[in-house]
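So the structure is just underneath, and the comments pick up after that.
The values are calculated or read from the model by the stated rules, or taken from the named source; none is laboratory data. Note that the structure is a prediction, hence the values are computed from the model and not measured. Positions of Cβ are backbone-derived with ideal geometry, glycine not excepted, and every protein chain shown enters the neighbour counts.
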Amino acid sequence: MTAWVPPGDPGPVDDEPYTGPPPTGPYGAPPYVPGALHGVHSLPATGAWAGPVAWPLGPVPLQSGPHSVPPPGVRLAPPPGTPPHDVPVPFLHAMRARDWRWWRPLLGLLLIAVVYTVAATVVVVAAFITGAFPDLQLLDLVDPGVLLITNLSLIVAIPIVWLAWVAAHGMARGWSSSVLARLRWRLFLPFTLLSLPTLGAGILLTLLLGFLLEDGDVTGPSSSYVWLVLVVLLTTPLQSAAEEYVFRGYLSQAIAGWIRSPRVGAVVAGVLTAALFSAAHAPPDAWTFLDRFAFGLAASAVVWLTGGLEAAIVLHAVNNVLVFLLVGGLGDDVTSDAVPAGTGVLVVAVDLLAMAAYVALVARSRERLRPETVTGAEDLRRPSPRGVPEPPRTIGYALTRRREAQHGPWGMG
């Protein structure tokens, strides 16, 4: 039976003070400081606690102490969906994320070279073993079977480039496509409409010069022209995209990433990748090399102007589709892999004008299409107080403080 206590009597006093751990919030949160609500302190409490204190209805500022800073060497990752850049960067600097290291592009290039060699070899060997195309003439790209195998052996480069972004850089595969980390499908149709009157006119004029200066004959389409049209329309756009992913979606970014200045990096990457692009097509003479080199420069220019691969993919795909369809339809006397003999200066000049016109139209269309040219960013760098040296770079501390400002230390805001 409980003893009666007169009104106003505080009751028996516990002579043995509590020596246990301080009270904590839910889920192991830091100790709650009585009277501290949103940084505004009420009147000081008297006695040990001056009676029970109700749990706050709002967030309590995180008190300074060891719990607010990650242990040395610990690097906390931001939540999914956080941009990998602290400041906006152009497309060619997308690799320069928070965890950028100079050796990552080298690792990615090595991965692409090894895996692509294996994958392309498997495609070609499988075509021979299965006997799907027994009458292959490896230099006749107008043959539907040869063109199909060639395109498939190049298309496999697209997932390999994506693999390099994920494995070597720890970034989403979409950063190889644009500053939005994805392909911007809304841009393909407008850029295609810009390419037809420029590139199309240049290709037609080039073929006409070849016939006039070489006395070529139009022999008409071959019996397999229908199959050629199907192969071209179904696979050539993907083949063109694959080459752009390799040269502009990875190699250009790798080169530009090693150069701190975005503009200098874009120029150096454009020149080097254009030279490598032209050399990869094994040009038989200097005029053909110069023609492919100019093509690579034009592709790099529209990538810089638009912040992604869409305009370059359209440039490449429209050029290749028109060339193969026209060459296959006109006959064997038309060549597609070299500048016709005796027409070098004229053909290169026409191609330069056509590509320059396309680049100019793309640049002019930016006011209407408004393509994004820099990445999104969220600065997670911890600000350093004046006079206090910056600790090892981490992103967890800034992330914690931002969450506290929005929701309180225990998510109660």
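Filter segment 373-389 down to residues that are modelled with pLDDT of 95 or more and surrounded by 17 or more Cβ atoms within 10 Å (Cβ to Cβ), then give me how many there are.
Narrowing segment 373-389 to residues modelled with pLDDT of 95 or more: 373-375.
The next check asks that each one be surrounded by 17 or more Cβ atoms within 10 Å (Cβ to Cβ); those that pass are 375.
Final tally of qualifying residues: 1.
One residue is enough: does segment 278-289 have a residue meeting the conditions among the small types (Gly, Ala, Ser) and closer than 17 Å to residue 307 by Cβ?
no
So the check is Cβ under 6 Å with 6+ separation or different chains; which pairs have a first residue in segment 357-373 that's farther than 18 Å from residue 197 by Cβ and a second one that's modelled with pLDDT of 95 or more and not small (Gly, Ala, Ser)?
371/306; 372/179; 372/180
If I filter segment 254-264 down to residues being assigned to a helix (DSSP H, G or I) and free of Cβ contacts under 8 Å to residues at least 12 places away in the same chain, which single residue comes out as nearest to residue 308 (Cα to Cα)?
Selected residue: 263.
Do you know which of the residues in segment 230-272 that are among the polar types (S, T, N, Q) and more than 18 Å from the chain's Cα centre (by Cα) is nearest to residue 104 (Cα to Cα)?
If we filter segment 230-272 for residues that are among the polar types (S, T, N, Q), which is where we start, we get 235-236, 239-240, 252-253, 261.
Retained after the next criterion (residues that are more than 18 Å from the chain's Cα centre (by Cα)): 235-236, 239, 261.
On the way: 235: 31, 236: 31, 239: 26, 261: 19 Å.
My answer is 261.
Among the candidates 323, 302, single out the residue that is in contact with a helix residue (DSSP H, G or I) (Cβ under 8 Å, 6 or more places away or on another chain) and modelled with pLDDT of 95 or more.
302
Considering (1) at pLDDT 95 or above; (2) in a helix (DSSP H, G or I), say which one residue 208 fails and leave the rest.
Among (1) at pLDDT 95 or above; (2) in a helix (DSSP H, G or I), the lone unmet condition for residue 208 is (1).
Inside segment 211-229, can you point out the residues that are at pLDDT 80 or above and part of a helix (DSSP H, G or I)?
Across segment 211-229, the qualifying residues are 225, 226, 227, 228, 229.
For segment 265-299, give me the residue count where each residue is β-branched (Val, Ile, Thr) and in contact (Cβ under 8 Å) with a residue 60 or more places away in the chain.
Narrowing segment 265-299 to residues β-branched (Val, Ile, Thr): 267-268, 271, 273, 288.
Restricting the remaining residues to those that are in contact (Cβ under 8 Å) with a residue 60 or more places away in the chain gives none.
Going through segment 265-299 one residue at a time, the tally reaches 0.
Does any residue of segment 354-372 turn out to be in a loop (DSSP other than H, G, I, E, B) and modelled with pLDDT under 95?
Looking through segment 354-372, none of the residues is in a loop (DSSP other than H, G, I, E, B) and modelled with pLDDT under 95.
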